[in-house]
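Participant: Below is one structure. I have some questions about it.
The values are calculated or read from the model by the stated rules, or taken from the named source; none is laboratory data. Computed from a predicted structure; not experimentally measured. Virtual Cβ from ideal backbone geometry, glycine too; neighbours counted across all protein chains shown. Areas reflect the complete protein model, heavy atoms only, side chains present, ligands, DNA and RNA absent. Shrake-Rupley method; radii C 1.70, N 1.55, O 1.52, S 1.80 Å.
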Amino acid sequence: MDEFHLRGSPAELGTGFAAQVAASDRSLADVAPESLDPSRPVREFARECEPHVREHAPGVLDELDAIAAEAGVEREAVRAVALAADADPSCSLVGVPGEHAEGGSALFARNHDFYPSFRRYSKLYRTDPTDRLASVGCAHGFAGRLDGVNEAGLAAGFAGVPTEEYEPGVMWPLAVRTVLDTCGTVAEAVDYLESVPHARNVNVLVADADGDVAVVEASPGAVETRRPDHGDSLLVATNQFDSARMRAHQSVERTPADCPRYCAVEAWAADREGAVGAADLRRLVGDPEAGVAWSLDGAEDDPRSTIWSWVVDTGADSASLARDSPAEAPYESVAVPGRETGR
């Protein structure tokens, strides 16, 4: 997994990213998960998304344009990689409210389940943007984040939901990035995610150091926020909406009961007693026998597997990251930028 350390204004973040790619003797195309020669429909869709991104993810277009300028690549192509990203990852999200967690701060876990061939595009970003919150998180593409935790102790991550609804708006990596850049609490993140025009279906889990957790179920046509019912020890989200109203926006008929990973987490919660710790979550989401993590089996048809995994105690100065499937790679301690300095 490549690492990028970025600091400064949006333009400086973009220039720094492209310069670090060049310093590794690679081109931007080598680290781009999407074509840098996008089709006409992709270009048109990205252009339609631009005003929404300019309003709801400020600074992202400047960052992307700086990447293009530094790398000597067409600006529109770089924008399309971030604005029109299209994928359907099969990810798992688990949030434990502070009242059920050992330290009183919420716990967050996310397995990124996708094609093993995309491991070559996996990136760990440590970002310290000017006048915004520092964070650490992962992504395949440019500017966006698929998950992460910021210096305020807010963790965020997404799981895809099948859809045939695409509307000009903000794609989920840019929404997650903006949450990490600008929100310090679940309440702030929910307010943002409920207000942004979403380009496609997504579940976003947010958890904070005050012990709050929520899942925002979003589509271009509707948004609904889900919180733990009274007494629930956790929230789980996979690749369908829980809300019957939101399931009307799915392209497949699927409920939580149809997802083995979702059922495995709920069964685990029902069988245990006492407070949950980060080590408990690492065992749950990192154990293929529990039915949550997927191994890298190397089959020729490139099946989906877990290609990285996070477990975050939102009150701690570091988080746990497995840089491949946790079935095969150990969790490592990753410092949360801004927290290790006491800023």
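Participant: For residues in the stretch 1-19 being over 19 Å from Ala32 (Cβ atoms) and part of a strand (DSSP E or B), which is least open to solvent (accessible area, probe 1.4 Å)?
Facilitator: Among residues in the stretch 1-19 that are over 19 Å from Ala32 (Cβ atoms) and part of a strand (DSSP E or B), the one least open to solvent (accessible area, probe 1.4 Å) is Gly8.
Participant: Taking the criterion of being open to solvent by less than 20 Å² (accessible area, probe 1.4 Å), at pLDDT 95 or above, outside any helix (DSSP H, G or I) and touching a His at 6+ places or on another chain (Cβ under 6 Å), would at least one residue in the stretch 174-189 satisfy it?
Facilitator: Checked against the condition, which is being open to solvent by less than 20 Å² (accessible area, probe 1.4 Å), at pLDDT 95 or above, outside any helix (DSSP H, G or I) and touching a His at 6+ places or on another chain (Cβ under 6 Å), the stretch 174-189 yields no hits at all.
Participant: I would also like to ask the following. Scanning for something surrounded by fewer than 24 Cβ atoms within 10 Å (Cβ to Cβ), under 15 Å from Ala101 (Cβ atoms), touching a strand residue (DSSP E or B) at 6+ places or on another chain (Cβ under 9 Å) and not hydroxyl-bearing (Ser, Thr, Tyr), does the stretch 221-229 turn up at least one residue?
Facilitator: Yes; the residues of the stretch 221-229 include at least one that is surrounded by fewer than 24 Cβ atoms within 10 Å (Cβ to Cβ), under 15 Å from Ala101 (Cβ atoms), touching a strand residue (DSSP E or B) at 6+ places or on another chain (Cβ under 9 Å) and not hydroxyl-bearing (Ser, Thr, Tyr).
Participant: Follow-up. Please indicate, with yes or no, whether at least one residue in the stretch 39-60 is within 19 Å of the chain's Cα centre (by Cα), of a type in the set (Asp, Glu) and at negative phi.
Facilitator: For the stretch 39-60, residues within 19 Å of the chain's Cα centre (by Cα), of a type in the set (Asp, Glu) and at negative phi: absent.
Participant: Now for a different question. All but one of (1) within 19 Å of Leu235 (Cβ to Cβ); (2) open to solvent by 50 Å² or more (accessible area, probe 1.4 Å) hold for Leu107; which doesn't?
Facilitator: (2)
Participant: On to the next question. Could you tell me which residue of the stretch 123-149 is nearest to Tyr331 (Cα to Cα), considering only residues that are open to solvent by less than 30 Å² (accessible area, probe 1.4 Å) and either out of contact with any strand residue (DSSP E or B) (no Cβ under 6 Å at 6 or more places or on another chain) or acidic (Asp, Glu) (or both)?
Facilitator: Result: Asp147.
Participant: Search the stretch 72-84 for residues being surrounded by 22 or more Cβ atoms within 10 Å (Cβ to Cβ) and of a type in the set (A, V, I, L, M, F, W, C), and hand back the single one that is nearest to the chain's Cα centre (by Cα).
Facilitator: Checked the stretch 72-84; the qualifying residue nearest to the chain's Cα centre (by Cα) is Ala82.
Participant: In the stretch 153-168, which residues are farther than 21 Å from Arg120 by Cα and crowded, with 21+ Cβ neighbours inside 10 Å? Give the derivation first.
Facilitator: Taking the stretch 153-168 and keeping what is farther than 21 Å from Arg120 by Cα, we get 153-156, 161-168.
If the condition is that a residue be farther than 21 Å from Arg120 by Cα and crowded, with 21+ Cβ neighbours inside 10 Å, then Gly153, Leu154, Ala155, Ala156, Val161 are the ones that fit.
Participant: Separate question: Quick one: what pairs do we get from the stretch 57-83, first residue within 15 Å of Gln20 (Cα to Cα), second of a type in the set (D, E, K, R) and crowded, with 19+ Cβ neighbours inside 10 Å, C-beta under 9 Å, 6+ apart or different chains?
Facilitator: Note: pairs meeting the criteria are Leu64/Arg79; Ala68/Arg79.
Participant: Among the residues of the stretch 253-271, are any touching a residue at least 60 places away in the same chain (Cβ under 8 Å), buried (at least 16 other Cβ atoms within 10 Å of the Cβ), aliphatic (A, V, I, L, M) and touching a Phe, Trp or Tyr at 6+ places or on another chain (Cβ under 9 Å)?
Facilitator: Scanning the stretch 253-271, I find no residue that is touching a residue at least 60 places away in the same chain (Cβ under 8 Å), buried (at least 16 other Cβ atoms within 10 Å of the Cβ), aliphatic (A, V, I, L, M) and touching a Phe, Trp or Tyr at 6+ places or on another chain (Cβ under 9 Å), so the answer is no.
Participant: Name the pairs: first residue in the stretch 89-117 and farther than 21 Å from Thr163 by Cα, second residue open to solvent by 10 Å² or more (accessible area, probe 1.4 Å) and of a type in the set (Phe, Trp, Tyr), Cβ to Cβ under 8 Å, at least 6 apart or on different chains?
Facilitator: Close Cβ pairs satisfying both conditions: none exist.
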